[in-house]
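Have a look at the structure below, then the notes.
The values are calculated or read from the model by the stated rules, or taken from the named source; none is laboratory data. Values in this document were obtained by computation on a predicted structure and should not be read as measured data. For neighbour counting, all protein chains shown are included, and Cβ atoms are generated from backbone atoms with ideal geometry for every residue, glycine included. Surface accessibility is based on the protein's heavy atoms, side chains included, excluding ligands, DNA and RNA. Shrake-Rupley method; radii C 1.70, N 1.55, O 1.52, S 1.80 Å.
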Amino acid sequence: MSQSEAEKPSNSILPRHVAIIMDGNGRWAKGRGRPRHMGHQAGAQAAEVVIESVARRGIPVLSLFAFSSENWSRPQGEIRRLMDLFRRAMKQAVPKLHENGVRVSFLGDRSRFPEDLQVKMGEAEQLTAANSGLHLNIAAGYGGRWDILQAARGAAQEVADGRIRPEDIDEAALGRKLSLSGLPAPDLFIRTGGERRISNYFLWDLAYTELYFTDCLWPDFDADALNAALADFSERERRFGGVGREGAESLA
Ligand code: FPP
């Protein structure tokens, strides 16, 4: 299939925000008799392809789970390799993303990342802040529970300072303190690698998100695989707790 064919969505219902857990790098490498870090390297290449595809389709927001708060418990050697990969990816990818009008944000607790990477994250955000193309979130050191906790702490502090009353904290107010504040909640969640879990990704924001799981290992995920996920999404009927089309007809 040609690239332009692969990138044609099956119909016009596109998500506004796609959130992806890029799982399966280690198994991809193992299956080829290669070390795990080679899988992460191949995973970074797949991420580039998917970012480009998502941008070309005009989907406004893409969030990639690059490193979870739990990933700090991986062996030191693997963490070191991953940090090196992030350094290289930032150096090579950020100028290209900027050229293509992509806005880059990093979500998560960056305080445990090496100092130079923290600086690079800030620089990439500043450089691309005014871009109006795809908004790319890289979740790094991110955990959904951490996100809710830091929002709750922020709200508690405002109460302690006498700036708001406890009853002022509603869903909208707490939502404004979460990492995805100001962005649409993910419409489509994709997890590669065969596991059927959310694994502490955007816990608050995934409340009504359509979930899509595929056995495809992340380094093999490409424009065709993305197209299959988008086609599946376009067939879902989203009810957000309501009765939906059929329910409404049967009540009429
Ligand atoms: C999960 O696969 C993957 C990660 C923990 C790292 C994800 C990082 C990348 C894809 C590369 C960097 C991407 C960007 C956007 C800079 P796993 O190691 O858990 O795989 P396994 O389940 O097969 O062991």
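What to note about this one:
- Candidates Phe67, Phe86: the one that is within 10 Å of the ligand (Cβ to nearest atom) and open to solvent by less than 20 Å² (accessible area, probe 1.4 Å) is Phe67.
- Residues located in segment 191-225, provided they are buried (at least 18 other Cβ atoms within 10 Å of the Cβ), under 21 Å from Arg145 (Cβ atoms) and not polar (S, T, N, Q): Arg191, Tyr201, Phe202, Asp205
- Among the residues of segment 112-150, those that are among the polar types (S, T, N, Q) and touching a residue at least 24 places away in the same chain (Cβ under 8 Å) comprise Thr128, Asn131, Ser132, Asn137, Gln150.
- Taken over segment 31-48, the residue count meeting the criterion of being near the ligand (Cβ under 7 Å from one of its atoms) and either at pLDDT below 95 or open to solvent by 70 Å² or more (accessible area, probe 1.4 Å) (or both) is 1.
- Residue match in segment 226-241 (condition: free of Cβ contacts under 8 Å to residues at least 40 places away in the same chain, closer than 20 Å to Arg56 by Cβ and touching a helix residue (DSSP H, G or I) at 6+ places or on another chain (Cβ under 9 Å)): no
- Pairing residues of segment 170-181 that are assigned to a loop (DSSP other than H, G, I, E, B) with residues that are aromatic (Phe, Trp, Tyr), at Cβ distances under 6 Å and at least 6 apart in sequence or on separate chains, gives Leu178/Trp204.
- Residue tally, condition closer than 19 Å to Ser53 by Cα, open to solvent by 60 Å² or more (accessible area, probe 1.4 Å) and either within 12 Å of the ligand (Cβ to nearest atom) or in contact (Cβ under 8 Å) with a residue 60 or more places away in the chain (or both), over segment 89-104: 1
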